[in-house]
Amino acid sequence: MKFLLAFLLVPLFVFSQDFPQDYFQSPLDIPLDLSGSFGELRSNHFHSGLDFKTKGVEGLPVYAAGDGYVSRIKISTFGYGKAIYITHPNGYTSVYGHLQVANGAIQNYIKKKQYEENSYEVEMYLYPTELPVKKGDIIAFTGNTGGSGAPHLHFEFRNTKSEEILNPLHFGFKKLVNDERKPVIQGVVVYPLDSTVVNKSQKPIEVNFSKQSDGSYLGTKVQANGKIGFGINAYDFCTNGYNKNGLYKVKAYLNGVLYYQYGFDGFAFDESRYINNFIDYERFHLMGQRVQKLFQLTDYPLSIVADNKKDGTIKVQPGTNYNYRVELYDFHGNKVELILPITFYSTETAIKKEIKKTPYFVKAKNEAIFEKENVSVQIPENAFYSNFYLNFDVANDVLTLHDDSVPVHKNITITFNDVKGLTEEQLAKTYIATLDGYKLDYNRTYRKGNTFSVKIKTLGKFKLAQDITPPRIYNVNFVEGKTIKEQKTISVSISDLHSGIDTYNAYLNGMWILMEYDYKTKKLVHNLDDGIYVQGRNDFKLVVTDNLQNSTTFESYFFR
């Protein structure tokens, strides 16, 4: 327990850290233009670095931010795509993600490893003497690999020892990133808590506000008869007026006294999924708005809010008026204020809260098991952030496990037991699918005999499905039997209708060749500069297998 408390408290001291201001240089030699800020609200996580735009193109040189050595390389189809980690002697590690290709000795090291493992996806941890770098060395070129939606460079800093993620703007990058714009408030939501009524509503309700002559915002009066909390929907423009970035810091005051705050200076990776408790997840599910709550109903180990002495909720008492002020900051100190007057007022409810009670009440802190017919659902403790009535049913071979309006923090195990009526061949092609309307989405399924189970972090509908359709191979960029002279690559497109691509292996003249896979374009590409081909006839073979081990083989040949 002592270790856990110490770990959770680490990020709280970020404010007092003495970050080096002139030690690191920019990883790009163009003006830094942000498309993503540190701590920005993303799906199931806080953004862990800065995203630098690269003028919409790939191939710009990426420079080592400081002296050090390449300590880790990860090449992945998803996530950061091609990523390089450099450990520096001053206790920090810099990270460069979504790269197109590494440079020089680093790229040679990567390709050697890929050919040794016969795999495009590799991960390597290196010793300090293997790939040392100097500040300003070109280590790679910008790209759009992995989960990137457009060409850019993902850049971050970590504490090497603790692996805590830190805001890069603390490391002298503030002066390299221009920001003269104030944060923008899109909406304010007030939450009636317990049996409270706010502005005649028992449901969360938006508060109107208007801009004042001094640039601040004034909300309409909030009338309540008990415990309430507030949330804000806001963003910040930084280097450009196109990308809506995240806030840096928010402070809330009640009658002039600091009442609740948070700031994005640093956090641990293990905390990142708590974003689903930090925001109003149900509103995000229904309306696509990420409203940041300025209160918490239960304690949870998110360090950016952990030093608050109060939970941010306000108990509105009879005969008392309150002044609630919210200050929103970006990293450069640009600030906007919102003032919300609050008064006690007891009135009839016009909009009533509806609680759909079921026989299945889930207590967030407790384990639970629900069973019906041949289906069981095992929920670990702290899988949810709050207690709620679970909609659980099994009908027509479909499991209904609530819906995605309730966030899941830990893996829930779903098991279809003792499945009958299927042959061994059919059982081998069976998986548990998420049912989205008429669409079946694959979940990685574990089978033991005729029992199937999955671990999920999203509620919804589930059923058994089968995949007997092999992957498709198409759009080959050479004509069989033809001579290719100037062509620099071999490329093909691959896709799978149901369970998705699992493995792909290509061969030239019986020798395994590296083909890079981009799931966004569904394309496999081999660079002929690898030198595997021979003069004359070259026999090409590609084997693609999906997650249910359906396989397709394509064979052809060309002359070089």
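A compact table of results
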{"read-out": "The stretch 125-180 - charge dipole about Cα centre, Lys and Arg +1 at Cβ, Asp and Glu -1, debye rounded to 20", "value": "180 debye"}
{"read-out": "Footprinting exposure proxy for 156, 337, 282 (fewest neighbouring C-beta atoms within 10 Å first)", "value": "282, 337, 156"}
{"read-out": "Loop sites in the stretch 338-430: GluC sites (Glu not before Pro), DSSP, at most 11 other Cβ within 10 Å", "value": "348, 354, 367"}
{"read-out": "Stokes-Einstein translational diffusion, the stretch 184-344 - Kirkwood Rh over all Cα pairs, 0.692 mPa s, 37 °C, in µm²/s", "value": "202 µm²/s"}
{"read-out": "Global form of the stretch 395-537, assessed from the alpha-carbon gyration tensor, a/c cut-off 1.5", "value": "prolate"}
{"read-out": "Which of 106, 456, 228 has the fewest Cβ neighbours within 10 Å, and the rest in rising order", "value": "456, 106, 228"}
{"read-out": "Likely footprinting exposure, 322, 260, fewest C-beta neighbours within 10 Å first", "value": "322, 260"}
{"read-out": "Separation of the residue 373 and residue 355 label points, Cα + 7 Å toward Cβ, nm", "value": "3.1 nm"}
{"read-out": "Residue among 360, 445, 145 farthest towards the positive dipole end of the chain, charges placed on Cβ", "value": "360"}
{"read-out": "Three-way shape call for the stretch 84-140 based on the alpha-carbon gyration tensor, with the a/c threshold at 1.5", "value": "prolate"}
{"read-out": "In Hz, Karplus ³J(HN,Hα) per residue of the stretch 493-502 (6.51, -1.76, 1.60; θ = phi - 60°; x = Gly, Pro)", "value": "9, 9, 7, 9, 6, 10, 7, x, 5, 9"}
{"read-out": "Cα-based equivalent ellipsoid of the stretch 17-176: semi-axis lengths in Å, sorted from largest, via gyration tensor", "value": "22, 19, 15"}
{"read-out": "Under 11 Å, Cβ to Cβ, from residue 308 - net charge with Lys/Arg +1 and Asp/Glu -1", "value": "0"}
{"read-out": "Cut-off 9 Å between beta-carbons: net charge of the residues surrounding residue 263, Lys and Arg +1, Asp and Glu -1", "value": "+1"}
{"read-out": "0 to 90° range, to nearest 10: angle between helix 104-117 axis and the chain longest Cα axis", "value": "80 degrees"}
{"read-out": "Ranked packing of 443-452, 35-44, most packed first, by mean Cβ within 10 Å", "value": "35-44, 443-452"}
{"read-out": "Rounded if a/c under 1.5, otherwise prolate or oblate - the chain, Cα gyration tensor axes", "value": "oblate"}
{"read-out": "Compactness relative to 2.2 N^0.38 Å, alpha carbon Rg of the stretch 466-506", "value": "1.51"}
{"read-out": "Cα-based radius of gyration of the stretch 361-466 once divided by 2.2 N^0.38 Å, which approximates compact folds", "value": "1.05"}
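FYI, it's all coordinate maths here, none of it is from the lab. Keep in mind it's a predicted model, so treat the numbers as computed, not measured. Quick reminder, even Gly has a Cβ in these numbers, built from the backbone with ideal geometry, and neighbours come from all protein chains shown.
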